[in-house]
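Quick one: the structure is below, and I'll ask about it shortly.
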Amino acid sequence: MGKKVAVVVGGSVAGLACAHAAAGAGWDVVVLEKAAAPAAGGGTGAGLGLDARSMETLASWIPGWGLDTATLPLAVDLVIPAAAVFAVRLRSIGICELSVGLRVQNRATDSETKAARTLVRDDGFGFRAAHWGDLHRRLHEALPPAVAVLWGHQFLSFEAHGGGVVATARVVRTGETVDVTGDLLVAADGAASSIRRRLLPDLKLRYAGYCAWRGVFDFAGKESSDTMTGIRRAYPELGNCLYFDLAHKTHTVLYELPRSRLNWLWYTNGPEPELTGSSVTIEATDVMVARMREEAERVWCPELARLVRDTAAPFVNVIYDADPLPRLSWASGRVALAGDAAHPTTPHGLRSTNMSVADARELGRCLARWGAEEPAAPARALAEYEVARLPVVAAQVMHARRLGRVKQGLPVDGEAEGFDVRKATEEDAVHLLRQRSMPFFGDAPAAADDGCV
C-alpha cells in the first residue's frame with residue numbers, strides 16, 4: 001500500500017506548518033495555494049510573537065534555524081496607562097515613571113500631557129518576535145521532499161467519499177481546473193475559510209468593534225535619525241520588550257523585528273467597514289492615512305506619532321473573530337480545520353500563529369499515532385485531533401476577545417461601561433491586562449496526555 005496523501009488548502013504559515021507535520025507523520029502532502037509564489041520575506045508584511053513551544057516546534061521543522069538571527073526576544077510584557085490626574089495615583093501605589101529592564105510593558109498614555117506610566121509589567125514573558133514573511137519563507141524552504149506546493153492554484157470545492165477526498169482548484173495563470181485526490185483534506189484557508197462555510201454555514205465571523213492600523217518601519221541606515229533617536233528614548237527596551245500603550249478607548253502595540261524593523265499596531269473603535277471579497281485588509285487611501293496621522297498627533301506621545309507619520313504604506317486590518325466551533329465540527333469524516341479556519345481570533349494574546357503551529361503539531365501527532373495502514377485511521381486521527389485542540393482554542397479565543405474589548409474600553413460581561421484606563425488601579429490592571437492570564441499560557445495538553453482514543 002502506498003503512502004497516504006493529505007491535501008492542504010492554504011499555503012500560508014498555518015498550511016505550511018500542517019504540511020511539515022503531516023509529512024513528519026509519514027504522509028505525502030499536496031498544498032494548494034492561490035498566490036503565485038512564496039513570500040520573499042520582505043515587504044510591508046506584519047510582525048508576530050512566538051511562544052516557547054512554537055519556537056521549539058518550528059526549530060524541529062526548520063533545521064539550522066538560528067533564534068538569534070531570525071527572531072528578537074519579547075522577554076517582557078509592559079502595559080502603560082493614561083496619566084494626568086492618574087499620575088498621583090500611580091506614584092502612590094509604587095509604579096515608577098519609566099519602565100526600565102522590562103520585557104512586556106503595559107503603559108498608559110495621557111493624550112493631553114503625553115505622559116506615560118507603567119501599569120503592568122511581566123519580566124518573564126518569554127516570547128520571540130519574528131516577521132511573517134521571514135517565517136513563511138523559512139517554512140517553505142525547509143519543506144521535505146514528501147510535500148508538493150502547487151502555487152497559483154485557487155481552491156474551488158471538494159467532494160468527500162468513503163475512501164478519501166477530491167479537491168478541485170483553478171490554475172490562476174491558465175484558468176483550467178484540476179482535481180487533486182487525497183485521503184484527507186486539511187482546511188488551512190484562513191479566517192474566511194470557504195471550507196468552514198460549507199461545513200458550518202450558520203457560523204458567521206463576528207466584528208470585534210474595532211480595526212487596526214498596521215505598519216512596519218524600516219530603519220536600516222536610519223538608527224541615528226530623529227525618528228529612531230526619539231523612539232529609543234521613549235521606549236528604551238525595544239528589541240527585548242513588547243510595549244502596550246493604552247489611552248482612553250484605544251491602544252497601540254510596538255515591538256522590534258529582526259533586520260532593523262519596528263512593528264506597530266493601533267486599534268481604533270468604530271463601525272464595521274464595508275469589505276469586498278474575502279480579504280480583511282484594506283489598502284488605505286491618502287486621505288485615510290492623513291487623517292490617521294493627524295489623530296496620532298492628538299492621542300500619542302510625539303515620538304510614537306512621528307514613527308506612525310514616517311512609516312510608509314500603513315494599512316488597515318478589520319478585526320474579526322468567531323464563537324468557538326461546536327464539537328464534531330473540526331473533523332468531519334475526512335476533512336479537518338486548522339489555524340484561523342478553525343478558530344478566527346482577535347490578535348490580543350498573540351495566539352493566532354501560535355495556535356496554528358500547535359494545531360499542526362497536534363495533527364501530526366495524531367496522524368502518527370494512528371498510522372496510515374488501517375482504512376479508518378485518518379478519520380480516527382482527525383477525531384482525536386479535534387478532542388485535543390477544540391477546548392484549548394475555545395478558551396483562548398474567548399479570552400483574547402475579552403482582552404481586546406478591555407483594552408479598547410468596550411463593555412464586557414454585560415457591564416454598562418468599559419474599562420477606563422484613567423481610573424484603573426494596579427490590581428485592576430494586573431487582573432485584566434496581564435498577558436500570561438491567557439488560558440494554557442505555558443502549554444496545552446496533547447491527545448495522548450488526555451488519554452484520547
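Could you give each residue of the stretch 126-137 its phi-based ³J(HN,Hα) in whole Hz, using Karplus coefficients 6.51, -1.76, 1.60 with θ = phi - 60°, and x for Gly or Pro?
x, 8, 10, 9, 9, 9, 3, x, 5, 4, 4, 4
Once you mark the trypsin sites (Lys or Arg not before Pro) that are in a DSSP loop and have at most 15 other Cβ atoms within 10 Å, what is the longest gap between them in the chain?
After excluding every exposed loop site, the longest remaining stretch is 4-172.
For the chain, what does the helix formula give at 222 nm: sum of -39500 (n - 2.57) over DSSP H segments with n ≥ 4, over the residue count, nearest 500 deg cm²/dmol?
-9500 deg cm²/dmol
Considering only Pro324, Gly152, Thr227, whose Cα is most displaced toward the positive end of the charge dipole of the chain, charges sitting on Cβ of Lys, Arg (+1) and Asp, Glu (-1)?
Thr227
Can I ask one more? Below 8 Å between Cα atoms, with a sequence gap of 6+, how large is the relative contact order for the chain in percent?
Relative CO of the chain lands at 21 percent.
With a sphere of radius 11 Å drawn around the Cβ of Arg306, what net charge do the other residues whose Cβ falls strictly inside it have (Lys, Arg +1; Asp, Glu -1)?
Residues close to Arg306 contribute a combined charge of -2.
Looking at Val172, Cys241, Val412, which one has the Cα that reaches farthest to the positive end of the dipole of the chain (charges on Cβ: Lys, Arg +1; Asp, Glu -1)?
Cys241
Further, regarding this structure: Taking all protein chains in place and a 1.4 Å probe, what share, in percent, of the accessible surface of the chain do carbon and sulfur account for?
Numbers: 9680 of 18300 Å².
After summing per-atom areas, the C and S share lands at 53 percent.
How much length would be gained if the chain were fully extended between Arg197 and Arg309, taking 0.36 nm per residue of separation minus their Cα-Cα distance, in nm to one decimal?
Value of the extension gain: 36.4 nm.
For the chain, build the charge dipole from Cβ charges (+1 Lys, Arg; -1 Asp, Glu) around the Cα centre, then report which of Ala191, Val30, Gly66 sits farthest towards its positive end.
Gly66
Calculate the dipole size of the stretch 212-334 relative to its Cα centre from +1 charges on Lys and Arg beta carbons and -1 charges on Asp and Glu beta carbons; express the result in debye to the nearest 20.
Its charge dipole is roughly 260 debye.
Add +1 for every Lys or Arg and -1 for every Asp or Glu among the other residues with Cβ under 14 Å from the Cβ of Ala188, and state the total.
Values: positive: Lys34, Arg196, Arg361, Arg389; negative: Glu33, Asp189, Asp340, Asp359, Glu362.
Net local charge, Ala188 excluded: -1.
Take Arg291 and Glu417, extend 7 Å from each Cα along the Cα→Cβ direction, and tell me the distance between the two endpoints in nm.
The two pseudo-label positions are separated by 2.9 nm.
Across the chain, how many lysine pairs separated by 8 or more positions, or lying on different chains, have Cα atoms within less than 23 Å?
6
How much accessible area does Leu74 have with a 1.4 Å probe, in Å² rounded to the nearest 10?
We get 0 Å² for Leu74.
Once you keep just the Cα pairs under 8 angstrom separated by 6 or more residues, what percentage relative contact order results for the stretch 386-450? Each step should come with its number before you reach the end.
Numbers: 43 pairs, mean separation 26.2, N = 65.
Result for the stretch 386-450 is 40 percent.
Return the sequence-ordered ³J(HN,Hα) values of the stretch 401-417 in whole Hz as given by the Karplus equation 6.51 cos²θ - 1.76 cosθ + 1.60 applied to θ = phi - 60°, using x for Gly and Pro.
3J(HN,Hα) across the stretch 401-417, in whole Hz: 4, 5, 4, x, 5, 4, 5, 8, x, 8, x, 10, 6, x, 6, 6, 10.
Turning to a different aspect of this structure: If I model the stretch 135-275 as equal point scatterers sitting on the Cα atoms and use the Debye formula, what is log10 I(q)/I(0) at q = 0.15, 0.16 Å⁻¹?
Those come out to -1.01, -1.04, one per q.
Something else now. Suppose we keep just the DSSP beta bridges with both residues in the chain; what percent of those would be antiparallel, to 5?
In the chain, DSSP labels about 70 percent of beta bridges as antiparallel.
With charges only on Cβ, +1 for K and R and -1 for D and E, what is the dipole size of the stretch 134-254 about its Cα centre, in debye, rounded to 20?
400 debye
Quick one: Cα centre-to-centre distance for the stretch 113-139 and the stretch 271-347, in angstrom?
Cα centres, the stretch 113-139 to the stretch 271-347: 17 Å.
A further question on this structure: Quote the Stokes-Einstein diffusion coefficient, in whole µm² s⁻¹, for the chain, based on the Kirkwood radius over alpha carbon pairs, a temperature of 4 °C and a viscosity of 1.567 mPa s.
The estimated diffusion coefficient comes to 57 µm²/s.
Assigning unit charges at the beta carbon (Lys, Arg +1; Asp, Glu -1) and nothing else, what dipole magnitude in debye, to the nearest 20, does the chain show about its Cα centre? Mind showing how you got there, number by number?
Numbers: 49 positive and 53 negative charges, 53 e Å.
Its charge dipole is roughly 260 debye.
Moving on to the next point. Quick one: accessible area per residue over the chain, 1.4 Å probe, rounded to a whole number of Å²?
40 Å²
The values are calculated or read from the model by the stated rules, or taken from the named source; none is laboratory data. It should be emphasised that the depicted structure is a prediction, and the values quoted were computed from it without experimental measurement. Reconstructed Cβ throughout: ideal geometry from the backbone, glycine too, with neighbour counts over all protein chains shown. Areas reflect the complete protein model, heavy atoms only, side chains present, ligands, DNA and RNA absent. Shrake-Rupley method; radii C 1.70, N 1.55, O 1.52, S 1.80 Å.
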